[in-house]
Amino acid sequence: MMGRPEGLKLIDENGRRLDGRKKYELRPIKMEVGVLKNADGSAYVEWGKNKIMAAVYGPREIHPKHLQRPDRAILRVRYNMAPFSVEERKKPGPDRRSVEISKVIRGALEPALILEMFPRTAIDVFIEVLQADAGTRVAGITAASLALADAGIPMKDLVAACAAGKIDGELVLDLNKDEDNYGEADVPVAIMPLKNDITLLQMDGYLTREEFIEAVRLAIKGAKAVYQKQREALKEKYLRIAQEVAGNE
């Protein structure tokens with residue numbers, strides 16, 4: 001959290017935020033599945049001003065072979081922010097933050113995948129942040145989960161994610177960039193809704209025990225709304241395929 005400009009209010013006396021949202025309102029979210037022809041599975045997510053592409057390749061043979069697991073596939077995740085994704089041009093290539101978030105996302109996705117079905121193989125997930133505006137890890141998890149489903153990887157459930165946080169002493173859902181920079185706390189959460197399991201829980205900032213419990217509850221509620229959008233995006237793709245098949249008969 002950064003020191004904020006003098007006089008900046010993140011939430012007004014009517015409970016409205018800088019972008020006009022209410023405290024518990026998500027930013028606009030758009031999702032599309034099957035956007036890359038050369039990938040086994042892919043998804044594109046716009047979440048507020050975030051624009052994120054995810055692609056999945058595999059299961060495929062691992063080289064070198066000593067990396068193989070005899071009892072399961074390994075999941076490899078690469079999260080990357082494009083140099084033009086932020087206002088101040090980012091140095092190309094992976095940095096410490098990208099490596100850390102790649103591991104966090106892998107940990108959030110693995111519990112949902114039935115990796116035992118594909119021993120001695122790898123499933124590669126690439127997440128490219130084309131434009132960043134806070135919450136890229138939860139948007140990246142959401143996009144990657146859709147891309148894995150699109151690739152036909154057997155899953156126990158989709159993984160949906162959302163963050164809650166604290167700004168000007170108030171708990172809110174789905175922080176934008178200014179709220180993330182100048183707020184007091186950020187709590188990203190990922191869940192498997194059907195199993196009611198949490199696969200990611202992090203916190204940056206300071207909350208009381210009661211505030212933390214409420215922030216997690218709020219983030220889970222947001223993630224369940226994101227989950228419904230994931231399901232709709234998948235249905236849209238397969239409805240489109242069914243219509244194309246029917247049109248060709």
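The values are calculated or read from the model by the stated rules, or taken from the named source; none is laboratory data. What you see is a predicted model, and the numbers here were worked out from it, not measured in a lab. We place every Cβ from the backbone using ideal geometry, glycine too, and count neighbours over all the protein chains shown. For the accessible areas, the whole protein counts, side chains as well, though only heavy atoms, and no ligand, DNA or RNA atoms are used. Shrake-Rupley method; radii C 1.70, N 1.55, O 1.52, S 1.80 Å.
Heavy atoms of the protein chains alone define the surface here; on that basis segment 74-155 has 43 Å² accessible area per residue at 1.4 Å probe size.
Using a cutoff of 8 angstrom between alpha carbon atoms and counting only pairs six or more residues apart, the relative contact order for the chain works out to 22 percent. Length gained on full extension, residue 18 to residue 6: 2.8 nm, using 0.36 nm per residue less the C-alpha separation.
Among 16, 27, 78, the largest mean-square fluctuation in a Gaussian network model of the chain (Cα springs under 10 Å) belongs to 16.
One chain, two ends: residue 156 and residue 240. Fully extended at 0.36 nm per residue, the span grows by 27.8 nm beyond their Cα-Cα distance.
For segment 11-58, relative contact order (Cα pairs under 8 Å, six or more residues apart, normalised by length) works out to 25 percent.
Among beta bridges from DSSP that stay inside segment 57-190, the antiparallel ones total about 65%. Quick one: plug the Kirkwood hydrodynamic radius of segment 151-249 (C-alpha pairs) into Stokes-Einstein at 37 °C, 0.692 mPa s, and report D in µm²/s. So the translational diffusion coefficient is about 217 µm²/s. Rounded to the nearest 20 debye, the dipole size of segment 26-88 about its Cα centre is 180 debye, using +1 on the Cβ of Lys and Arg and -1 on the Cβ of Asp and Glu.
Relative intensity of segment 190-237 on a log10 scale, I(q)/I(0) at q = 0.13, 0.23 Å⁻¹, equals -0.37, -0.87, per a Debye sum over C-alpha point scatterers of equal strength in the absence of solvent. Given in Å, the Rg to one decimal and the Dmax to the nearest whole number for the Cα atoms of segment 50-136 are 14.6, 45.
With everything on Cα atoms, drop me the angle between helix 96-109 and the longest principal axis of the chain, reported from 0 to 90° to the nearest 10. Helix 96-109 sits at roughly 70 degrees to that axis. The residues neighbouring residue 115, those whose beta-carbon lies less than 14 Å from its own, together hold a net charge of +3 under the Lys/Arg +1, Asp/Glu -1 convention. Computed over segment 90-163, the P(r) tail beyond 21 angstrom holds 28 percent of alpha carbon pairs. Applying 0.36 nm per residue to the separation of residue 197 and residue 30 and subtracting their alpha-carbon distance, the gain on full extension is 57.7 nm. Whole-Hz Karplus values for segment 221-235 come out as 4, x, 5, 5, 5, 5, 4, 4, 5, 4, 4, 5, 5, 5, 4 Hz, taken residue by residue from phi with 6.51 cos²θ - 1.76 cosθ + 1.60 and θ = phi - 60°; glycine and proline positions read x.
Bridgeable lysines around residue 51 (alpha carbons under 18 Å apart, same-chain partners fewer than 8 residues away excluded): 30, 90, 177, 229. For residue 72, the amide hydrogen comes within under 5 Å of the amide hydrogens of 120, counting only partners 5 or more places away or on other chains and with H modelled in the peptide plane. Relative to the longest principal axis of the Cα atoms of the chain, the long axis of helix 136-150 lies at roughly 20 degrees.
Rolling a 1.4 Å probe over the protein heavy atoms of the chain, with every protein chain left in place, gives an accessible area that is 51 percent carbon and sulfur. Distance between Cα centroids, segment 103-177 to segment 224-249: provide it in whole Å. First find each Cα centre; the distance between them is then 20 Å. Projecting the Cα atoms of 53, 10, 136 onto the dipole axis of the chain, where Lys and Arg carry +1 and Asp and Glu carry -1 at the beta carbon, places 53 farthest toward the positive end. Applying 1/(1 + (r/R0)^6) with r as the Cβ-Cβ distance of residue 72 and residue 130 and R0 = 22 angstrom yields a FRET efficiency of 0.10. The label point for residue 224 and the one for residue 100, both projected 7 Å from the Cα toward the Cβ, are 3.1 nm apart.
Secondary structure note: in segment 1-132, about 75% of the DSSP beta bridges are antiparallel. For segment 155-163, the Karplus equation 6.51 cos²θ - 1.76 cosθ + 1.60, evaluated at θ = phi - 60°, returns couplings of 10, 6, 5, 5, 10, 10, 9, 6, 10 Hz by residue, with Gly and Pro reported as x. Relative contact order for segment 17-121: 24 percent, from Cα pairs under 8 Å spaced at least 6 residues apart, divided by residue count. Divide by every residue of the chain the summed helix terms, -39500 (n - 2.57) for each DSSP H run of at least 4, and state the resulting mean residue ellipticity at 222 nm, rounded to the nearest 500 deg cm²/dmol. That calculation yields -10500 deg cm²/dmol at 222 nm. Consider all pairwise Cα distances in segment 83-224 and report the whole-number % of them above 18 Å. The share of Cα pairs beyond 18 Å in segment 83-224 comes to 58 percent.
Taking every DSSP bridge with both residues inside the chain, close to 85 percent are antiparallel.
For the chain, the direction-averaged projected area of the alpha-carbon convex hull comes to 15.8 nm².
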